[in-house]
């Protein structure tokens, strides 16, 4: 992959050396996800990990979920070739609904099911400037559903992506990988870039070899333009369009023995979005920004068919008040229109629906002692069409006894609003043999009266650079979620269909779970030598759920999903430049404490390695292997939807050119 985003050459020096950030520069990395303003990592009162472009390149990632494996406290597992389970601090699942994900401030959280469709949300990796991952509530600044964390994918300005870049690759899984980007000046005050990328991914054989290999084809293109017409004004316009095609094996319920079948599902996901952002810097240091976007998403498959259109507008004004206060005021609105179509086992109570939200934000950052102690208090008042008004406050205390040490504490309250599916989806989950050979159909029914889930969290953190070569970052936390959605059983009834009579066992969602979570997250970076760096993470997570309702059963109840987040996670990464223009990188991951089952094992490990060669100042070759040590392992169970397939070791070769 292409290593540098500057059109100038490196003057014959080692490109890897020039790209590397020392630990002092890393502490100065800009972070915007906590306070919605750019500040250094050293002055951020939150559990934030920043994945840099250098880490993306050296880890050899081709998708955002792969990159999130690098973050302490994140639970990442591949469910199938096309789907991922990604969450922070527990509650992991195929649609983890307490993690808010954004691309340049545009939310990609699905209002239909919650969570993110990772098979149709991507960014050109070379154009990503950084990925900010905030564990813990971020609702005071970003709104509902940011209960356990916020992932903010921030791309480079078009001024930093001038010239032409081409990346091609192949491998045992990503059989065809092509990415092309071109950037140039747009008049005296602006720059632009356009890009296109295509990936063809082929999976391992499913549990039914007769169904063949799963396939995923993703084609995406887009543009970005940045202008600075005056010294105080800036304007950004960007957009993307994409098409994703899948061939997967799906688990489907059947009224005929053995009451379950695996069939081929060919799906197509299409989408497009356009976003504009204007910002003005006022005299005296204040800023005003206006952002709006329109997003269209469509999904068609044998399981579910729907389209969603979203229109969002956001206004934010920041101004200093005297020498000790900085006030942030914001307001915004979002409108969503969806259209659903009945498919096998899926139906919505209303085929079309319009809904949305409005919000108001107020935050004050108070300097209690210059350069040493600061207190930030904020609140977001939000009203949505499903559950009405909610108040989401936070308070953060920052203490910096020196330039290399940061102590912080935070208490926060956040809410998760019910998804459209939880409110009105009827879904046939499973069919099981019953008494006297009578089939028992298990079906979920949406509950229109479902309420918000309420999350409260307390955090303490310490960030410390020691003797220039060491950096430590640790966080302890406790959180409690009240009223988490849970499936509960209803009274079975006798029904009749074309195949004969059967018992219908209804399940419905209820705010019946209380979940306490506590844990410890740590990250260490070490400059072992001038050309050798080490990084390590360890996370401990303890989850204690308590059900206030009669559970629907261990196979279907969210209690089982809670335990799919590993209590113990450990990783260590090495970045070594053995010779000029050569790189050798390895990453080892270890997970323990998962509940053993026929799908996921209680303990597993993974090893990745990459060898890179900068052939010239404008070209690079890399070869790598991924997922060693655990051949043909299923990372995550799946009860409905794409059938889980074992993940085998993978190999890839990639080349990048810039001119």
Across 20 Å bins from the origin, how do the percents of Cα pairs in the chain run, short distances first? 18, 54, 25, 2, 0
Sorting check: for 287-295, 85-93, which peptide has the highest mean count of neighbouring beta carbons within 10 Å, and how do the rest follow? 85-93, 287-295
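Which of 590, 532 has the fewest other C-beta atoms within 10 Å, and how do the rest follow up to the most?
Working: 590 17, 532 14.
Ascending number of Cβ neighbours within 10 Å: 532, 590.
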Per the helix-only model, the chain has a calculated mean residue ellipticity at 222 nm (DSSP H runs of ≥4, -39500 (n - 2.57) each, divided over all residues, rounded to the nearest 500) of -1000 deg cm²/dmol
Just need the relative contact order of region 15-658 here, percent rounded to a whole number, with Cα pairs under 8 Å and 6+ apart. 12 percent
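Determine, for 50, 101, the number of other Cβ atoms within 10 Å of each Cβ, and report the residues in order from fewest to most. Mind dumping the intermediate values first?
Working: 50 21, 101 25.
Fewest-to-most ranking of 50, 101: 50, 101.
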Protection proxy ranking, peptides 464-470, 137-143, average beta carbon neighbours within 10 Å, highest first: 137-143, 464-470
What order do you get for 98, 256 when you list them from fewest to most C-beta neighbours inside 10 Å? 256, 98
Dividing the mean separation of Cα pairs under 8 Å (6+ apart) by the residue count of region 380-428 yields a relative contact order in percent of 29 percent
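Counting only DSSP beta bridges with both residues in the chain, tell me the antiparallel percent, nearest 5.
Numbers: 310 of 321 bridges.
Rounded to the nearest five, the antiparallel share is 95 percent.
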Hey, can you rank 318-329, 263-274, 118-129 by average C-beta count inside 10 Å, highest first? 118-129, 263-274, 318-329
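Every number here is computed from the coordinates shown, using simple stated rules; none is lab data. Treat the numbers as computed from the prediction; the structure is a model and nothing was measured. Ideal geometry is used to build each Cβ from the backbone, glycine not excepted, and the neighbour counts take in all protein chains shown.
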